[in-house]
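Below is one structure, written out as structure tokens; the observations come after it.
The values are calculated or read from the model by the stated rules, or taken from the named source; none is laboratory data. Values in this document were obtained by computation on a predicted structure and should not be read as measured data. Every residue, glycine as well, gets a Cβ built from its backbone with ideal geometry; the counts of neighbours run over all protein chains shown.
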Amino acid sequence: MRGSDGRSGELFSYVDLEDRVPAAHPLRAIRSLVNEVLAALDGEFAKLYADSGRASIAPERLLRALLLQAFYTIRSERQLMEQLDYNLLYRWFVGLGVDDPVWVPTVFTKNRDRLLDADVARKFLAALLNHEKVRRLLSDEHFSVDGTQIQAWASMKSFQAKDGSSEPPDPGRNGEQDFRGEKRSNETHASTTDPEAKLHRKGKGKEAKLSYIGNAMTENRHGLVVETELGGASGTIEREAAKTMVVRYSPGSRRLTLGADKAYDTREFVDDLRDLNVTPHVAQNLNGRRSAIDDRTTRHPGYAISQQKRKRIEEPFGWGKTIGGLARPMLRGASKLGFKFTLTMASYNLIRMPKLLATPA
């Protein structure tokens, strides 16, 4: 007998979201770990809110929703709220019931900015790394650093002369502009939509883009991100950020090794690392000049291992751009983009956890 395609409305619904999510779904292990990390941050969350007044969106739900945005390549808060409305898996992960209303996108954004101001993304990453299940996965001594270019949410047409000389008389909403013969630099020009973005060329033969540089520090055992730093694009930002991340993560308390590519092979940087009790396992730049790394470092077997392991830092960068939404985030300003960059790197660590935690130590 053929079944009917008709549908009648339901007066009552008895849907248990816990039963709808498969027992072997990887988000189960991730959600359990995330909840334990958020519980450790309860004191930090309490400082962000007044004791009285109208209740806002719970910060735990905000963070879970932002993690979902990175996990599933959701391009904006508006689309995130739309999918959260009908996707039962998303509702379960965030902590919403079937009948709970979804937040208005603008309200969600305003509440997210509260977490940004309190640097919650960095605290979340630190609490995740300090979790007893995660801490045993990390290397205590061997690390790598690198940076990646992140294109700003600003067009080249917005890169105008600071004195106003490059602006046409009546450009209109999308007027034509001829850049031929015009010399533009960060000293004389700035973006009108994102003034903190800088014109930067990542390498030879690459086009210059309005961008930021996202820097990460990974441990060499499993390639998990342990520190991040985002700043305006420049020729020295990667080396400056590397020192900042080293000091923040381990302020001279024990000797570390730090792998890096040829861009970090400068005498000043190598000397600064040694002053910080760090052995610089930097790739030698022998392109017509003398390297700051000599045989005293390269003769040790650990140097070759660091050179092999340091390449794994490209994996979180690649995941962040193809999946996590870092290819060109729809955010303006270093603070907002830095929050997203750090949380995306924490998301990369989390998606690695189901398999890493299932592997015997």
Any hit, segment 82-95, residues being in contact with a Lys or Arg (Cβ under 6 Å, 6 or more places away or on another chain), in contact (Cβ under 8 Å) with a residue 40 or more places away in the chain and under 27 Å from residue 321 (Cα atoms): yes
The residue that is farthest from the chain's Cα centre (by Cα), considering only those in segment 104-125 that are under 28 Å from residue 280 (Cα atoms) and surrounded by fewer than 20 Cβ atoms within 10 Å (Cβ to Cβ), is 123
In segment 217-244, anything among the hydrophobic types (A, V, I, L, M, F, W, C) and under 16 Å from residue 279 (Cβ atoms) is listed as 217, 242
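Conditions tested, residue by residue: (1) touching a strand residue (DSSP E or B) at 6+ places or on another chain (Cβ under 7 Å); (2) under 24 Å from residue 135 (Cα atoms); (3) not small (Gly, Ala, Ser).
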{"position": "293", "(1), (2), (3)": "yes, no, yes"}
{"position": "303", "(1), (2), (3)": "yes, no, yes"}
{"position": "306", "(1), (2), (3)": "yes, yes, no"}
{"position": "316", "(1), (2), (3)": "yes, yes, yes"}
{"position": "328", "(1), (2), (3)": "yes, no, yes"}
{"position": "331", "(1), (2), (3)": "no, no, yes"}
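Residues checked against (1) in contact with a helix residue (DSSP H, G or I) (Cβ under 7 Å, 6 or more places away or on another chain); (2) in a helix (DSSP H, G or I):
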residue	(1), (2)
272	yes, yes
305	no, yes
314	no, yes
330	no, no
338	no, yes
342	yes, yes
(1) closer than 29 Å to residue 18 by Cβ; (2) in contact (Cβ under 8 Å) with a residue 60 or more places away in the chain; (3) aliphatic (A, V, I, L, M): which one isn't true of residue 154, the others all being true? (1)
Residues (within 19 Å of residue 135 (Cβ to Cβ) and in a loop (DSSP other than H, G, I, E, B)) located in segment 213-248: 220, 221, 222, 223, 224
Can you go through 75, 61 and tell me which one is within 24 Å of residue 349 (Cβ to Cβ), of a type outside the set (A, V, I, L, M, F, W, C) and surrounded by 14 or more Cβ atoms within 10 Å (Cβ to Cβ)? 61
Selection from segment 281-300 of residues that are in a loop (DSSP other than H, G, I, E, B), within 31 Å of the chain's Cα centre (by Cα) and not hydrophobic (A, V, I, L, M, F, W, C): 284, 285
Quick test for you: out of 313, 323, 293, pick the one residue that is within 30 Å of residue 73 (Cβ to Cβ) and surrounded by 18 or more Cβ atoms within 10 Å (Cβ to Cβ). 313
Go through (1) part of a loop (DSSP other than H, G, I, E, B); (2) touching a strand residue (DSSP E or B) at 6+ places or on another chain (Cβ under 6 Å) one by one and return the number of the condition residue 251 breaks. (2)
Do you know which of the residues in segment 126-149 that are polar (S, T, N, Q), within 20 Å of the chain's Cα centre (by Cα) and surrounded by 14 or more Cβ atoms within 10 Å (Cβ to Cβ) is farthest from residue 69 (Cα to Cα)? 144
Quick count over segment 237-261, residues being of a type outside the set (A, V, I, L, M) and within 23 Å of residue 320 (Cα to Cα), is 9
Taking the condition of being assigned to a loop (DSSP other than H, G, I, E, B) and either under 23 Å from residue 143 (Cβ atoms) or within 12 Å of the chain's Cα centre (by Cα) (or both), how many residues in segment 187-212 meet it? 1
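Inspect segment 196-203 for any residue being surrounded by 12 or more Cβ atoms within 10 Å (Cβ to Cβ), touching a His at 6+ places or on another chain (Cβ under 9 Å) and modelled with pLDDT under 95 and give the result as yes or no.
Yes, the conditions are met somewhere in segment 196-203.
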